[in-house]
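Contents: one structure, followed by commentary.
The values are calculated or read from the model by the stated rules, or taken from the named source; none is laboratory data. It should be emphasised that the depicted structure is a prediction, and the values quoted were computed from it without experimental measurement. Note that each Cβ is placed from the backbone with ideal geometry, even for glycine, and that neighbours are counted across all protein chains shown. Each accessible area value is taken on the protein alone, full model and side chains, heavy atoms only, with ligands, DNA and RNA left out. Shrake-Rupley method; radii C 1.70, N 1.55, O 1.52, S 1.80 Å.
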Amino acid sequence: MVKHFLHITDFTADEIWETLNLAKELKVKFRQREDYKPFKNKSLAMIFAKPSARTRVSFETGFEWMGGHALFLGPNDIGIGKREEIKDISRLFSRFNDLMMARLFDHQHILELAEYSEIPVINGLTNYNHPCQIMADIFTIWEHREYLDDLKITYVGDGNNVVHSWIHLAERFPMKFICACPEGYEPNNEVVQRCNKVGLSSVEVLHDPVAAVKSADVVYTDVWASMGQKAEVEEREKAFKQFQVNEELMAATGKHTLFMHCLPAERGREVTDGVMESDASIVFDQAENRLHVQNSIMVTLAGGD
Ligand code: CP
Ligand code: NVA
């Protein structure tokens with residue numbers, strides 16, 4: 001059976017911890033540019049139906065450092081699901097490559113890619129979730145706090161793909177997770193209910209950002225209009241006006257709180273320049289850790305052959 005990484009819940013809690021521990025070792029190795037080549041003579045196909053800076057550069061840099069060759073296929077290269085059927089691309093790349101990473105619009109498309117694939121598929125973001133991001137995020141929090149007990153994360157903004165992956169993580173790691181969003185922009189209720197049914201964590205959806213951030217260890221935000229929603233920017237700007245992470249909201253936590261953002265950030269919209277540049281902000285550690293955590297995920301899925 002080929003193992004894929006499409007959702008955080010594809011890994012058990014033990015597997016997540018193993019991935020984080022390996023990421024810690026790989027971070028040291030990468031920073032020293034140690035000779036480490038588990039992917040010699042191997043190739044990674046990276047399929048992007050949407051734009052990217054971090055995901056592309058971190059996967060490509062990481063895989064090439066580990067001795068392999070990474071191929072970038074941009075939105076105009078394949079026409080996945082349009083010029084060619086997903087199941088055909090999946091079987092084709094299974095013959096050429098050793099790993100696939102894909103950033104697609106429709107989540108069903110990545111499920112189909114994995115269904116027909118004989119090589120591991122990694123989800124580099126869909127409209128539904130962003131598992132590599134949240135694995136890097138929890139690693140970053142672990143680095144900063146040194147422990148993950150009694151964690152309260154308050155996400156302020158749109159109940160989007162990033163939020164769904166946070167809630168998936170809450171099925172595996174205990175935490176208090178709050179999503180503070182305007183009415184009509186909540187995360188998928190089934191995702192929230194499923195996590196609360198597991199009972200390990202508590203997930204709440206609130207509409208008052210000031211109350212939501214009280215005592216938070218981390219305040220997290222993301223763009224108000226995700227890729228594919230940019231036509232809604234003006235309408236969303238009105239709806240989200242009270243949900244900007246600014247200095248006042250950060251002060252309302254009442255304690256030393258870390259600020260996180262998956263990036264790219266639209267400074268002046270969901271977050272102020274001041275918060276981005278403040279001592280509380282760990283957004284660049286977060287971005288760097290994409291590389292180390294993804295290296296760890298790739299080694300876990302395909303590094304042992
Ligand atoms: N955070 C993130 O996935 O960034 P990119 O869209 O630049 O890849
Ligand atoms: N929610 C954002 C995340 C970008 C990394 C988007 O999907 O555009």
| task | State whether the residues of segment 67-79 include one that is in a helix (DSSP H, G or I), surrounded by 13 or more Cβ atoms within 10 Å (Cβ to Cβ) and at pLDDT 95 or above. | result | no
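For every residue, the table says whether it meets (1) basic (Lys, Arg); (2) in contact (Cβ under 8 Å) with a residue 40 or more places away in the chain; (3) open to solvent by 40 Å² or more (accessible area, probe 1.4 Å).
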| site | (1), (2), (3) |
| --- | --- |
| GLU247 | no, no, yes |
| MET250 | no, no, no |
| MET260 | no, yes, no |
| SER296 | no, yes, no |
| task | Would you mind stating whether ARG103 is closer than 30 Å to LEU148 by Cα, open to solvent by 70 Å² or more (accessible area, probe 1.4 Å) and within 16 Å of ligand 1 (Cβ to nearest atom)? | result | no
| When you scan segment 1-20, how many residues do you find that are farther than 14 Å from LEU291 by Cα and assigned to a helix (DSSP H, G or I)? | 9
| query | Taking interchain pairs and intrachain pairs at least six residues apart, which have beta carbon atoms under 9 angstrom, with the first residue in segment 102-122 and within 11 Å of VAL2 (Cβ to Cβ) and the second at pLDDT 95 or above and among the acidic types (Asp, Glu)? | reply | TYR116/ASP88; ILE119/ASP98; PRO120/ASP98
| remark: Residues of segment 126-184 being touching a helix residue (DSSP H, G or I) at 6+ places or on another chain (Cβ under 8 Å), over 18 Å from GLN286 (Cα atoms) and among the charged types (D, E, K, R), in sequence order, are ASP158, GLU171, ARG172
| Is segment 40-57 home to any residue that is at pLDDT 95 or above, farther than 22 Å from GLN286 by Cβ and open to solvent by 60 Å² or more (accessible area, probe 1.4 Å)? | yes
| said: I'd like to verify a number: residues in segment 113-147 that are away from ligand 2 (no atom under 16 Å from the Cβ), open to solvent by 20 Å² or more (accessible area, probe 1.4 Å) and assigned to a loop (DSSP other than H, G, I, E, B), how many? | reply: 4
| Can you pull out the residues in segment 210-231 that are buried (at least 23 other Cβ atoms within 10 Å of the Cβ) and either within 16 Å of ligand 2 (Cβ to nearest atom) or within 13 Å of ASN246 (Cα to Cα) (or both)? | VAL213, VAL219, TYR220, THR221, ASP222, VAL223, TRP224
| task | Scan PHE63, PHE93, PHE59 and give me the residue that is without any contact (Cβ under 8 Å) to a residue 60 or more places away in the chain, out of contact with any Asp or Glu (no Cβ under 9 Å at 6 or more places or on another chain) and either assigned to a helix (DSSP H, G or I) or within 16 Å of ligand 2 (Cβ to nearest atom) (or both). | result | PHE93
| task | Confirm whether ALA180 is in contact (Cβ under 8 Å) with a residue 60 or more places away in the chain, open to solvent by less than 10 Å² (accessible area, probe 1.4 Å) and not β-branched (Val, Ile, Thr). | result | yes
| request: Output the residue which, of all residues in segment 58-83 that are acidic (Asp, Glu) and within 15 Å of ALA102 (Cα to Cα), is nearest to the chain's Cα centre (by Cα). | output: GLU60
